[in-house]
Every structure is written in structure tokens, then in C-alpha cells.
Amino acid sequence: MRVSGIVLRSRWLFVRERGKQAEAQVLAALPEELREILPAALETRWYPFEFLTIATETIDRVLGTGDLALAYEMGRFNCDRSLTTVVRLVFKFGNVGWLLDRAAKAWDTQYDEGDMRVVHKVVGEEVVLELHGHPSPSRAQCLGIKGWMVRAAEVSGEDRFTCDELCRAAGDAVCRWTFRWR
């Protein structure tokens, strides 16, 4: 399985925003093969999926507490970075169900295996997304996806929702994100 350089690049930009010392600390902690790749990841290139997992876990361990809370924050950061002003305007006038459906369809632009889809939707009440056919479940990735989707919902103007998550890497049968409106 491979991941788009866009996702790897976003991880590095997350580190860069924290300053030169953060960059040096993360680079020193990365495995040798990633020390040159992560800072120079090309957004138009594909990389082995394990690079994303290793990079995310290393960044979380070095700049965070090692509990993967920063994986969620990296997802939020990626959302803010990737949503242009025009897309943000569309999100403001679309409903969250529509937005999450678009996010699911974007999976194919970021990963070359697996399929994310909306499996249940009740307009104004609940949207459920699931990831299928992903050969390498990763807790760091699921938290990053959750962070991206929660931030996208917030950008759309939603502020009264919950997002529950299941993750195969955490022992669940499926990777699933359930959004409910209060």
C-alpha cells in the first residue's frame, strides 16, 4: 500500500511550524531512510504507507507524549492546510453529510488501496463512514483521519456533534467514524 506525498508533506509542515529545534529532534529520531525523505516529500509522488505510520508515531513520540494525541492534531492541521478558501465556502453552504461523503471519496487521491465510504446517513442526525480493504490498519492513521474529518465538519459551521470511532488497529472489527448531531 502507498500514500500520497501530500499526506507525508503535511506531516513535515506540522513539524516545521514548531520550529527548527522540533525539526532537528524529529529528524534525529526518525529511521535513517526517512531522514531525507520526510522533509523533501514530493506531493506528486507515492510513498510506502509504512512511512506515514513511522513518521506520525515518531512525531507524536518526540513532540508529544507518545499517546498518539498529536496524530489527531496532525489530521486537523492537514485539513486546515488542504482546504482552500473556495472549498471552505462550499463547505459552509453544504451539509455535513455531503461534506463527509466528499471526504470519503477523496480517499482514492491519498491512498492506492482500500475504500472509504458512507455506509449510513440520516440527514441532520447521523453519518457513518467505514474504511474497507485497507491491508495495514494503523491507529495513528485512524486518529489522523478522525482529526481531518472533525475539523472539516467544524469548518462547515457545525459545532454540535460527536464523532465516535472504531479502529482495527485497536482491536475493533472495522475502522469506522460515526458522526451524530446533538
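The values are calculated or read from the model by the stated rules, or taken from the named source; none is laboratory data. None of the values given here were measured: they were computed from a predicted structure. Quick reminder, even Gly has a Cβ in these numbers, built from the backbone with ideal geometry, and neighbours come from all protein chains shown.
Against the condition at pLDDT 95 or above, crowded, with 17+ Cβ neighbours inside 10 Å and among the hydrophobic types (A, V, I, L, M, F, W, C), how does Ala24 come out, does it pass?
no
Of the helices (runs of 4 or more DSSP H) contained entirely in the range 2-59, those carrying at least 1 residues that are under 21 Å from Cys142 (Cα atoms) fall at 5-16. Considering only residues of the range 125-182 that are under 16 Å from the mean Cα position of the chain (by Cα), assigned to a loop (DSSP other than H, G, I, E, B) and modelled with pLDDT under 95, which is surrounded by the fewest Cβ atoms within 10 Å (Cβ to Cβ)? Across the range 125-182, the extreme among qualifying residues is Ser136. Number of residues in the range 9-30 that are of a type outside the set (D, E, K, R) and either without any contact (Cβ under 8 Å) to a residue 12 or more places away in the chain or touching a strand residue (DSSP E or B) at 6+ places or on another chain (Cβ under 6 Å) (or both) equals 4.
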